[in-house]
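Take a look at the following structure, please.
The values are calculated or read from the model by the stated rules, or taken from the named source; none is laboratory data. As the structure is a computational prediction, the values presented were derived from the model and not from experiment. When we count neighbours, we look across all protein chains shown, and the Cβ atoms used for this are built from the backbone with ideal geometry, even at glycine.
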Amino acid sequence: MDSFDTDAIQAYLAGDENALEPLVEKYKRPLYSFILKMTEGREDADEIFQETWFRVLKNIHKFQHTNFLNWMFRIAHNYVIDRARRNKRQVSMQGGSYGGEDDERTLEDRLPASGIMPSEEVSGFQLGERIARAVETLSLEQKEVFLMRMYSDISFKEIAKIQHCSINTCLARMQYALGNLRSMLKDEYENL
Amino acid sequence: MKTCEQIKNQILLEDKEGLPSEVLTHLEYCESCREFHGMIARFKTSPLFAAKDEPSLDVLNEVKREIRRRVPSRSLTVWRRWRPALVMAASFVVLLAFVLQKNTPQTANVGIVLTEMDVLDSQEQVANAMNDSFSEDDLAFNFVMTYDGTL
């Protein structure tokens, strides 16, 4: 484990109220980028980021993992899943409408697009936007494995624990994710 | 001989020590796996895949405020450090008390029962000993003297 992280956590547990701030700064981008791509927008991502940190604080005295960022990813993953389940229940209670009486859009309308629209290609999206769109089209599990690998050095063994599956399943998901992205971004591949 | 699928898995599992020699040999003649290896390197190093999104300033400040608010006090930290040992010691004491409470009355009961049996035994033994020590004439005399007319 990173000794900088360990020292910061020990100092915080010993009563130093400023000890964790460097860790917030250090990990805000990978954690937030991961959450943002696993959810539907900045508002949701902000809420999940905040809740993840609150859960970290609640359980920090129990922290025994080898990597602090991996632990936060695990907490964020669990919260995203819990939240999705809650929202699913709300959706079914609202008779199929996602956002209540005032919102006439269906859940399908609100879900991320299932592919890159031809009209979007014509309008000339920025490369970054195209990549983000391509990542959006991956299945939730493929996207999660891909993002965790991209944003941290989290091992496949660790990802397998988080996703409750075998390492081979995780490897297969990563292979599919890379293959799909490669074919979706074939025109942009050379510019990556 | 490993399949391309297995080689690709090994490429994905590449650690700081690098790829095993059999993978490197495979990459020399397999274009598909070579391209896969290059793709991972390209994705990992591309700034377009870098984590660059940040939470809003309000959220960051809220998190930092909460961190300061929830900082554990020193006494709590000491308590948490010693808690496992204290819990174990307390459990041991409770267990010991339970065992002692459970065993002590049982021992007493057994003792009492044994004592009663001992008493009964000894009464019989005394009677036998007495009878053994008297001659037949003594017993006949004793019978006559204590006979109340009923048999």
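Across the range B:1-15, which residue is surrounded by the fewest Cβ atoms within 10 Å (Cβ to Cβ) among those that are free of Cβ contacts under 8 Å to residues at least 12 places away in the same chain and over 18 Å from A:Ile159 (Cα atoms)?
B:Met1
Quick check on my filter: what residues within the range A:22-39 are touching a residue at least 40 places away in the same chain (Cβ under 8 Å), farther than 18 Å from A:Val145 by Cα and either at the interface with chain B (Cβ under 7 Å from one of its Cβ atoms) or part of a loop (DSSP other than H, G, I, E, B) (or both)?
Matches in the range A:22-39: none.
If you don't mind, there's one more thing I want to ask. With (1) at pLDDT 90 or above; (2) not assigned by TED's automatic domain parsing to the domain that holds A:Ser33 as the list, and A:Asn78 as the residue in question, which single condition is left unmet?
Of the numbered conditions (1) at pLDDT 90 or above; (2) not assigned by TED's automatic domain parsing to the domain that holds A:Ser33, the odd one out for A:Asn78 is (2).
Would you please name the residue that is modelled with the highest pLDDT, looking only at residues in the range B:43-53 that are under 49 Å from the mean Cα position of the chain (by Cα) and buried (at least 16 other Cβ atoms within 10 Å of the Cβ)?
B:Asp53
Let me ask you something else. Confirm whether A:Ala134 is hydrophobic (A, V, I, L, M, F, W, C), over 13 Å from the mean Cα position of the chain (by Cα), modelled with pLDDT under 90 and not assigned by TED's automatic domain parsing to the domain that holds A:His77.
Judged against the criteria, A:Ala134 is a match.
Condition test on A:Ala19, is it in a loop (DSSP other than H, G, I, E, B) and facing another protein chain (nearest Cβ under 9 Å)?
Yes.
Something else about it: Spot the failing condition for B:Thr3; the list is (1) away from chain A (no Cβ under 14 Å); (2) more than 36 Å from the chain's Cα centre (by Cα), and only one is missed.
Result: B:Thr3 passes all but (1).
Now a separate question. Among the candidates A:Ile116, A:Ile167, A:Ile162, which residue alone is modelled with pLDDT of 90 or more and more than 14 Å from every other protein chain (Cβ to nearest Cβ)?
Criteria check complete, one pass: A:Ile162.
Oh, and also: Scan the range A:149-192 for residues that are part of a loop (DSSP other than H, G, I, E, B) and aliphatic (A, V, I, L, M) and report the count.
3
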